[in-house]
1. What's the number of the condition Gln69 fails, among (1) assigned by TED's automatic domain parsing to the domain that holds Pro16; (2) touching a residue at least 40 places away in the same chain (Cβ under 8 Å); (3) touching a helix residue (DSSP H, G or I) at 6+ places or on another chain (Cβ under 8 Å)?
2. Would a scan of segment 115-131 turn up a residue that is more than 12 Å from ligand 1 (Cβ to nearest atom) and either crowded, with 16+ Cβ neighbours inside 10 Å or within 24 Å of Ile22 (Cα to Cα) (or both)?
3. Of all the strands (runs of 3 or more DSSP E) wholly in segment 157-246, which have at least 2 residues that are of a type in the set (D, E, K, R) and either farther than 18 Å from Tyr86 by Cβ or in contact with a strand residue (DSSP E or B) (Cβ under 7 Å, 6 or more places away or on another chain) (or both)?
4. Answer yes if at least one residue in segment 194-201 is within 16 Å of Ile125 (Cα to Cα), touching a residue at least 40 places away in the same chain (Cβ under 8 Å), in contact with a Ser or Thr (Cβ under 8 Å, 6 or more places away or on another chain) and within 16 Å of ligand 1 (Cβ to nearest atom), and no otherwise.
5. Which of (1) within 16 Å of ligand 1 (Cβ to nearest atom); (2) assigned by TED's automatic domain parsing to the domain that holds Cys75 is the odd one out, the single condition Leu109 does not satisfy?
6. If Cys227 meets every condition in (1) away from ligand 2 (no atom under 16 Å from the Cβ); (2) closer than 21 Å to Arg126 by Cβ apart from one, which number is that one?
7. Among the residues of segment 215-233, what is the count of those that are touching a residue at least 40 places away in the same chain (Cβ under 8 Å) and out of contact with any Leu (no Cβ under 7 Å at 6 or more places or on another chain)?
8. Using the structure shown, decide if Lys63 is touching a helix residue (DSSP H, G or I) at 6+ places or on another chain (Cβ under 9 Å) and more than 9 Å from ligand 1 (Cβ to nearest atom).
Amino acid sequence: MQIRTKSIAMKYQLNPQFSSLIDLVKDIQSIFENSDIVLQDARNKIKKISYNNTDYVVKSFKKPNLAKQILYTYCRESKAQRSYRYSLKIAEHVPQAVAFVEFYDNGLLSGSYFISEMFDYDLTIREPLVDLLYADRNLIFKAFAQFSLELHQRGILHNDYSPGNILIKKIAGQLVFKIIDVNRMKFEPLSTRQRMANFSMLWASDDDLDTIVTEYAERAHLDKAQCLSLARTYNQGNKRIKNFKKRLKGRPVSD
Ligand SMILES: Nc1ncnc2c1ncn2[C@@H]1O[C@H](COP(=O)(O)OP(=O)(O)O)[C@@H](O)[C@H]1O
Ligand SMILES: [Mg+2]
């Protein structure tokens, strides 16, 4: 759907399950600006908004540089559109996707928004990873291994499988996992190497990684020793690269 006024154009897709939110979509810029519940203000800005008594999360992708504006306009879907499309594709593993909205200024992408349902999570995988005293941390890691295996067996590879993107909610004694930040994904049958490399962004200690990978390998009927060795190699490789970059920028390193 395209709406044109002067040189500004708006393009959006709204999940039919949320058709009552059409006015939210059309007014997204002002609704976003007027909300002051900021969940994150970094590269992109993320706000919580309440609309008709329900909470949603809106991610506003920053305006790309000119080269990327051209790329996103003519060659590639915007990050907002990709987040939306991928979320619909793996609907049961993500907070429900509501819509994406793009704005074009003189024909070039000038901003985009991805709207999803708010998932009222209790923790991310980061808390048990960094807090050695976190209650039931090994149980959480095993459940996380099971969740990761479920994704992998369905050929779902999250290319930014970092702790803040893995949300967990305790529901009726069960741990329910959802992934977010899904604009970089791959969908294909996954090799053992790809699966083990996928754990490398967690910044897990060797012991915690072993707990996760042992559970994963047992459930997947994979060679445990091979999985552990691959996972450790990728994990340490990632830490080395990230620490090297931090040193270059004069920032403190860990591990
Ligand atoms: N649908 C959602 N439900 C609840 N919290 C969310 C949702 N989407 C994002 N968040 C919160 O915003 C944070 C950043 O979102 P994310 O999409 O990962 O942005 P970034 O690209 O900055 O990492 C998350 O760690 C989470 O706290
Ligand atoms: Mg993120």
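1. (3)
2. yes
3. Where strands (runs of 3 or more DSSP E) fall fully within segment 157-246 and carry at least 2 residues being of a type in the set (D, E, K, R) and either farther than 18 Å from Tyr86 by Cβ or in contact with a strand residue (DSSP E or B) (Cβ under 7 Å, 6 or more places away or on another chain) (or both), they are 166-171.
4. Checked against the condition, which is being within 16 Å of Ile125 (Cα to Cα), touching a residue at least 40 places away in the same chain (Cβ under 8 Å), in contact with a Ser or Thr (Cβ under 8 Å, 6 or more places away or on another chain) and within 16 Å of ligand 1 (Cβ to nearest atom), segment 194-201 yields at least one hit.
5. (1)
6. For Cys227, the failing item is (2).
7. Going through segment 215-233 one residue at a time, the tally reaches 1.
8. Yes, satisfied.
The values are calculated or read from the model by the stated rules, or taken from the named source; none is laboratory data. Note that this is a predicted model, so its numbers are computed, not measured. Here the Cβ is made from the backbone with ideal geometry for all residues, glycine too, and neighbour counts use every protein chain on show.
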